[in-house]
There are 2 protein chains.
Amino acid sequence: MRSVNLEKGKLELRQHQARPQPGSGESLIRVTQAGVCATDLALARGYMAFAGVPGHEFIGYAESGPFAGKRVVGEINLACGSCSTCAQSLPEHCPNRRVLGIAGQPGAFADYLLLPNENLHPVPDSVSDDAAVFTEPLAAAYEIPKLIHFRPGSRALVAGDGKLGLLCAQVLNEAGLEITVAGRHPERARLLPAAIRHSFGLLEADSPVLQPQFELAVEASGRPEVLARLIPGMLPRSRIVMKTTMERSHEIDLAPLVINEISLEGSRCGPFEVALAALAEGRIQVEGMIEARYPLAEAERAFAHAARPGSLKILLQMQD
Amino acid sequence: MRSVNLEKGKLELRQHQARPQPGSGESLIRVTQAGVCATDLALARGYMAFAGVPGHEFIGYAESGPFAGKRVVGEINLACGSCSTCAQSLPEHCPNRRVLGIAGQPGAFADYLLLPNENLHPVPDSVSDDAAVFTEPLAAAYEIPKLIHFRPGSRALVAGDGKLGLLCAQVLNEAGLEITVAGRHPERARLLPAAIRHSFGLLEADSPVLQPQFELAVEASGRPEVLARLIPGMLPRSRIVMKTTMERSHEIDLAPLVINEISLEGSRCGPFEVALAALAEGRIQVEGMIEARYPLAEAERAFAHAARPGSLKILLQMQD
């Protein structure tokens, strides 16, 4: 099989690799396509000193195990199952975990991958392969209403109109919130339901300081300076959910968080089954977010395209 | 009457001021003593471009109104009562609020002050004048168990062994948590119940990086660099409560908050009645925290003393 290896920032296609052999409780998955995520770009820039096969947003066919012959997607955290964190049902926080395509577990930019059976979810027939690659980021978006109970009609700000911002905005709109997306790409409004306000230039360096008006904000821009700019827009006792891992640290004035008793909450993974159900019922629109497709052999071009400012989802396809 | 006026960082005793006249729904309070708080020192350094009479931690006698003749303490936020924030029962966040000794309402470093009747709490007989001046900061500490429900036996870190840190540690110990106070003053251990571990040098520049072990942390040091140092000590899904308003912004790496789904929550005021009950029942020890007393006329010396690194509570006394 083929795999794309990343080491010291260089991507390299390796041919004629041996297929991985599933161990007990694992399934072999034949990957059909996989999305390039911002985390993959960060790994290519040196984040976490990554070396190996990246890729964690995928769809494929199980070739063995309980889902053999079925299309599957997979949760990315491989917990040890025996530590105190796992005992608290927080496998995604297991300190000994491996993470598909991110830490210690070869990822999806390859013809085949392995995952534990408990990580796999069969994909309903009504979910296309294109939609299914959004399961992982959509699940992360569905973590927000799981985490926070808000009054319907509350005003929420989604900072960022990239893929994650567009997904979070749709999920919160479905939950009954009144959403403003602050983005840099006016044309993205067409990818959102009409009820969502898309606002250009609300959180830029030269934007006027926001007035307090939001009960919830989701930071999905990945730019630390945006977090500082959205804080003045938050009402007392409001909540800010950070969905993107920022590589850079940034100077932030935390005094307004104390004075206005605002909370800032990190959030990462989310419920795959909820995301798959939403995709199956057509409640969340994702296909419009696919910008380009590249064969696996052109991973380098795919990464370069994905790294262009404002690009949407770039897919790698295993069948050339 | 006399009052201490602060303007452009200069304190000045003004004699022969007219006593303020209580309006409808207000009481005149004869102040007996008042504490110098870190916020007062910040105001003297120019925070909020303050001009007026500072002071907001006080005890005095009501000279008029429903509590006439009684000892009282008072909540410091004067809400407008007619805006949407007040309608949500969040008077301490009213955007039109005045704040005793901090914004728009002359404070307690004076022989008399005015407060709305609804801000006043009569002081139980068993609470000494010395204990009563701690009501406001102790109420702020009691906001933490009101805000957060935790499992008894959870490990909590209190960063800072100043007045607020010592109060927060006692409140959380009472709530059944296992407390470590990270401080700079080893001798402060004697001000804490034996069950609380007092650790010197846990969060200094040359301290080893903390290992994840705490489910709750309270930032009460007022030093932004301490916040950055305590984050590695936090377990997944843990919570950090920020109790002190930091004047400086600081560079913070927020990625661990997302990866470990940690929340950072600002918290300010708290329930006066809960604090007064704890003082009345002797559950919280405060008298040992009084370091010195100055007559009102020596406010400048009192401020200078309070500004010494590591000083505990400094009181201003109105009867010389």
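Each value in this text was obtained by applying a stated rule to the coordinates, not by laboratory testing. Fair warning: this is a prediction, and the values are worked out from it, not measured in the lab. Glycine gets a Cβ as well: all are built from the backbone with ideal geometry, and neighbour counts include every protein chain shown.
At a glance:
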| quantity | calculated |
| --- | --- |
| Dipole moment magnitude, nearest 20 debye, segment B:138-266 about Cα centre, only Lys, Arg, Asp, Glu C-beta charged | 320 debye |
| Descending principal axes extents, segment A:138-266, alpha-carbon based, whole Å | 36, 31, 27 |
| Cα-centre dipole for the protein assembly as shown with unit charges at Cβ (Lys and Arg positive, Asp and Glu negative), debye to 20 | 380 debye |
| Order of A:Met48, A:Met1, B:Met242 - criterion: other Cβ atoms within 10 Å of each residue's Cβ, fewest first | A:Met48, A:Met1, B:Met242 |
| Convex hull volume of chain B per residue (C-alpha atoms, cubic angstrom) | 136 Å³ |
| Simple spin-label estimate for A:Glu300 and A:Lys10 in nanometres, 7 Å along Cα-Cβ | 0.9 nm |
| Degrees separating the helix A:135-147 axis from the principal Cα axis of chain A, which is the longest one | 40 degrees |
| Directionally averaged shadow of segment B:1-80, computed from the convex hull of its alpha-carbon atoms, nm² | 5.9 nm² |
| Alpha carbon Rg of segment B:195-244, scaled by the compact-globule rule 2.2 N^0.38 Å | 1.09 |
| Positive minus negative residues near B:Ile102 (Lys, Arg vs Asp, Glu; Cβ under 13 Å) | -2 |
| For the protein assembly as shown, share of DSSP beta bridges that run antiparallel, in % to the nearest 5 | 55 percent |
| In nm, spacing of pseudo-spin labels at B:Ser89 and B:Ala280 (7 Å Cα→C-beta vector) | 2.2 nm |
| Copies compared at A:Ser82 - label distances in nm, ascending, label defined 7 Å from Cα in the Cβ direction | 6.9 |
| Near-label residues of segment B:88-107 by backbone N, under 19 Å of a point 7 Å along Cα→Cβ of A:Ile259 | B:90-107 |
| Dipole magnitude of chain B, debye to nearest 20 (Cβ charges: Lys/Arg +1, Asp/Glu -1, about Cα centre) | 200 debye |
| Nm distances between copies for B:Arg293, ranked from closest, using label points 7 Å along Cα→Cβ | 8.3 |
| Top of A:Ala141, A:Ala34, A:Ala255 by mean-square fluctuation, Gaussian network on chain A, Cα under 10 Å | A:Ala255 |
| For segment B:50-55, Karplus couplings with θ = phi - 60° (6.51, -1.76, 1.60), whole Hz, Gly/Pro x | 5, 9, x, 9, x, x |
| Burial ordering of B:Ser249, B:Ser82, B:Ser267, fewest other beta-carbon atoms within 10 Å first | B:Ser82, B:Ser249, B:Ser267 |
| Inter-site label distance for B:Ala307 and A:Ser64 at 7 Å from Cα along Cβ, in nm | 7.3 nm |
| Computed over segment B:14-82: relative contact order in percent, which uses C-alpha pairs under 8 Å that are six or more apart | 31 percent |
| Cβ-derived FRET efficiency at R0 45 Å, A:Gln17 paired with B:Glu225, nearest 0.05 | 0.45 |
| Percent of alpha-carbon pairs separated by more than 50 Å within the protein assembly as shown | 22 percent |
| Helix-derived mean residue ellipticity, 222 nm - over chain B, DSSP H n ≥ 4, -39500 (n - 2.57), to 500 | -5500 deg cm²/dmol |
| Length-normalised contact order of chain B in % [C-alpha pairs under 8 Å, at least 6 apart] | 18 percent |
| Most mobile listed residue (A:Tyr112, A:Tyr47, A:Tyr142) in chain A, GNM with C-alpha springs under 10 Å | A:Tyr47 |
| Highest-MSF residue in chain B out of B:Ala205, B:Ala103, B:Ala159 [GNM, Cα springs under 10 Å] | B:Ala205 |
| Cα radius of gyration and Dmax for segment A:60-191 (Å) | 17.5, 48 |
| Segment A:165-185 residues near the modelled A:Glu287 label - backbone nitrogen below 18 Å, point 7 Å along Cα→Cβ | A:167 |
| Using a 7 Å Cα-to-Cβ projection, A:Arg98 label spacings across copies, nm, ascending | 6.7 |
| Theoretical FRET efficiency, 1/(1+(r/R0)^6), r = Cβ-Cβ of B:Gln213 and A:Glu187, R0 41 Å, to 0.05 | 0.30 |
| Positive-pole candidate from A:Ile179, A:Thr245, A:Met234, dipole of chain A, charges at beta carbon | A:Thr245 |
